[in-house]
1. With label points built 7 Å along Cα→Cβ from the Cα atoms of residue A:44 and residue B:194, find their separation and express it in nm.
2. Length gain on complete extension for the stretch residue B:357 to residue B:144, per 0.36 nm per residue less the alpha carbon to alpha carbon distance?
3. Count, for each residue of B:479-487, the Cβ atoms from other chains sitting within 10 Å of its Cβ, then give me the mean as a whole number.
4. Work out the FRET efficiency for residue B:274 and residue B:207 from their Cβ-Cβ distance, taking R0 = 22 Å, and round it to the nearest 0.05.
5. Cα-based Rg (one decimal) and Dmax (whole number) for region B:400-459, in Å?
6. Give me Rg over Rh for region B:75-142, both radii from the alpha carbons and Rh done the Kirkwood way, two decimal places.
7. Neighbouring Cβ atoms within 10 Å as the yardstick, rank B:58, B:71 fewest first.
8. Quick one: Kirkwood hydrodynamic radius for region A:112-227, alpha-carbon pairs, angstrom, one decimal?
Amino acid sequence: MAGGMTAFCSWPGAGQGPEDRALSRLRRDFPVFRIWRESSPGRTRYITRRRVYRAGLHTVVTDDLDELRATLDAGTAQAPGGDTVRTGQRGPATPAQVLTRPAPATSAGSAAAVDREPPVAPGLTGTGRLADDLWLLAHHELTGKPFVQPRAAGLGLAGGLLAELAVSGGILIRPGGPVVAGPAPPRDQLAGHVRDLVAAEPHPVTRWLPFLARSATADVAWRLASAGYLARVPPRHRWQAGRWVPVDADCAFAPLARVQSALGRRGTAVHGVVLAGLAAACGLGPQLALYLPPNARRRIDIAVAQLDPGLREVITQTRAAVDSAVLAHRV
Amino acid sequence: MPSLPATTTKPGTVSRALARDRLGVSAVVFFVLAGVAPLTVAAGVIPTAYQTTGLTAIPAAFVVVAVILGIFSAGYVAMSRRITNAGSFYAFVARGLGRPAGVAAALVALVSYSLLQVGLFGAFGPNAASEAATHLGVHAPWWAWALGAWTVITVLGVLRVDITGWVLGVLLTVEITVVVAEAAAGLAHPAGGHLSFAALSPVSLAHGGFATFGVLAVVAVLGYVGFEQAPVLGEETRHPKRTVPAATYTALALIAVVYAGAAWAMATHAGTSHVVAAAGQQGPGLLFGLGGAGLSQAAQVLFLTSLFAAALAFHNTSWRYIYALGREGVLPGVLGRTGGNNIPKAASLTQSITGLTTITLYAAAGWDPVSHMFFWLGTTGGFGVLVLLALTSLAVIVFFARHRGGESRWQRLVAPALAAALLTGIVVLAVAHYRLLLGVPAGDPAAWALPATYGVAAVAGLGWALILKACRPQVYATIGLGAHAATGQLTPTGQATR
């Protein structure tokens with residue numbers, strides 16, 4: 001596990017107080033779980049997450065190490081249970097929140113929806129999904145602050161969602177708009193949802209982008225959080241909104257390295273090229289320019305020009321939509 | 001995971017969802033009027049026009065020009081539905097009259113809006129200096145205040161893209177209220193005791209001859225500049241086909257009433273035969289003095305905010321042109337790129353450099369900022385927009401001749417032809433009598449040099465377009481498309497034409 005000091009997480013050896021020693025013992029006793037501490041003004045929490053997705057005890061959030069140990073003891077001894085959320089009561093302190101499965105989407109009539117996500121663990125290779133990589137590219141790897149305006153980020157991520165489906169074969173981007181292709185629905189819920197939307201109404205890419213952009217940033221952030229890449233940080237003041245912060249700075253930085261290597265290779269990987277194209281389209285050019293060689297912009301343009309027409313269409317329409325938003329002062 | 005919308009969508013889900021984020025007529029009207037900046041014209045342009053030109057038929061000119069611009073708008077908004085990048089005149093000309101003409105129009109537009117923007121510093125500086133000297137006891141030269149405003153606009157231009165809408169909206173509403181109040185007060189106390197409608201009637205325009213009409217029409221067009229910006233927000237509105245025309249006509253009608261009313265009130269209050277002299281003495285005070293002391297004071301402060309808002313709006317218009325041209329490749333590509341936070345810093349700074357150069361030049365040379373910077377550069381900018389309006393009318397006719405699409409004959413032929421004839425006539429008259437507009441004696445070089453800059457810009461544009469055609473055909477092919485240059489589309493929802 002690549003280590004990196006973030007503002008909120010503590011790592012082994014960071015301190016030697018009694019809490020730190022208890023934390024180290026917990027980590028030693030329960031290697032199946034990843035346990036870390038998040039500090040915010042006035043509050044410290046311990047977050048535990050199973051490293052590999054399994055049914056059963058998955059995530060625990062508490063501010064009491066003894067309760068955490070008790071829960072982990074009980075959880076690992078118990079047979080995998082159903083979809084339950086248990087809360088423990090312990091005096092005035094915040095009760096522990098225990099999740100035995102990631103909470104599914106509460107869309108109407110989908111109580112039986114099961115997360116068909118394959119087992120993923122936070123790592124340098126990422127989730128393998130375009131929109132996830134683009135989200136991490138578009139936000140600071142330590143603070144989670146965005147590098148682009150909200151609407152530009154939304155449009156870029158909307159393009160990323162469409163491109164994901166196109167690359168995986170779930171949809172085909174035709175001149176008139178995307179159409180559903182392939183019988184098998186995608187394995188993750190968000191991609192499946194986008195595919196269902198495309199199936200329900202025919203629209204050109206130019207209308208899908210602003211429609212998906214309305215919630216793309218939040219949806220992709222939640223998907224990354226379910227995969228363990230992001231953690232929600234409560235706001236410092238009541239009037240502010242909470243923020244998503246990458247859990248591991250190196251994993252959050254990895255998409256940029258993927259772009260770099262994709263542009264450097266002879267046979268350019270589609271994922272990296274599309275990612276680079278979408279990043280440039282939504283205004284991350286200056287970010288890329290910081291870390292990529294000086295002629296990267298031209299290499300991206302050349303590489304994008306060699307993509308399939310459908311993917312090229314998504315990238316150019318994303319760029320046009322972001323530029324139009326800039327020209328209309330509503331970016 | 002937050003709840004995703006139900007996957008079984010009803011027909012029209014996407015359309016309804018998109019409509020919710022979009023703007024209505026009032027938002028577009030506010031955007032347009034904020035650029036027009038009524039108080040700037042009412043207190044800045046009109047008194048200076050009275051003084052400089054010596055002509056008194058200004059109210060009538062505003063009414064007649066409003067009608068002409070209304071006729072122009074019929075074809076203009078009809079074509080704006082059919083093309084992309086409709087926020088810029090050069091897109092119309094490129095699609096109608098061809099790409100070389102489009103580049104020529106683009107350069108003319110760049111020069112016009114730049115002049116309009118930098119000219120405003122020439123009004124802000126002296127007025128801020130006199131206000132500060134009177135009320136704060138601070139004595140600084142006009143160019144110091146102008147540079148101060150320039151700095152704020154430059155900083156805003158590199159920090160934000162979105163316009164602080166509600167702030168401008170509030171200021172605008174108060175501005176209009178103040179102008180109307182002042183005009184009402186002026187009309188209530190006419191010189192000589194009775195109200196004369198002579199200044200309003202078009203007959204008074206005819207008395208002065210064509211020269212008069214040409215010159216006053218340029219002043220009036222200067223007052224209306226900004227009304228053409230409604231298509232900028234076209235794609236952001238719920239019903240572009242209805243909203244853009246509605247906003248354009250509403251803005252035109254509103255400002256016609258405000259301007260004609262204010263100019264008439266000034267002439268009535270001072271007396272038609274004395275208004276020129278009064279304007280020479282009082283300047284903007286000609287408007288402020290119509291009402292009581294409190295109204296006058298409020299108007300003076302709002303005049304400064306109005307000048308600032310107008311300078312900011314024209315700064316935005318200028319960088320929009322530069323950015324769109326940079327995106328296409330007509331101007332260097334660096335100008336078409338955004339920096340951090342999606343802000344087109346290069347385009348914004350380019351316009352800022354123009355402003356800085358001009359202020360420094362006038363300060364160093366010691367030329368009078370109000371008449372030589374504000375009025376000369378402002379009216380020259382207005383003249384440039386007049387040329388663009390005439391060109392656009394012609395482009396509308398040719399475009400609809402080639403791309404019939406169900407527009408009525410009035411929209412595609414009669415209105416633009418009428419507008420083209422009238423506007424071209426005004427352009428010719430204005431060029432012939434430009435010295436009257438500037439208020440300089442015959443033979444003064446400024447009278448031909450200032451309009452000639454547009455000739456130079458147009459020729460340079462034509463030449464550059466032909467060079468692009470020879471050396472960079474892929475750039476030449478996308479002239480006029482602006483943000484959609486990469487997609488090569490005719491309309492945002494049209495098929496890709498490449």
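Just so you know, all these numbers are worked out from the coordinates, no wet-lab data involved. Because the structure is predicted, anything quoted here is derived from the model rather than measured. Positions of Cβ are generated from backbone atoms using ideal geometry, with glycine treated the same way; all protein chains shown enter the neighbour counts.
1. 9.2 nm
2. 75.3 nm
3. Per residue, the average neighbour count from other chains is 5.
4. The calculated FRET efficiency here is 0.75.
5. Reported Rg and Dmax, both Å: 17.0, 51.
6. 1.34
7. B:71, B:58
8. 14.6 Å
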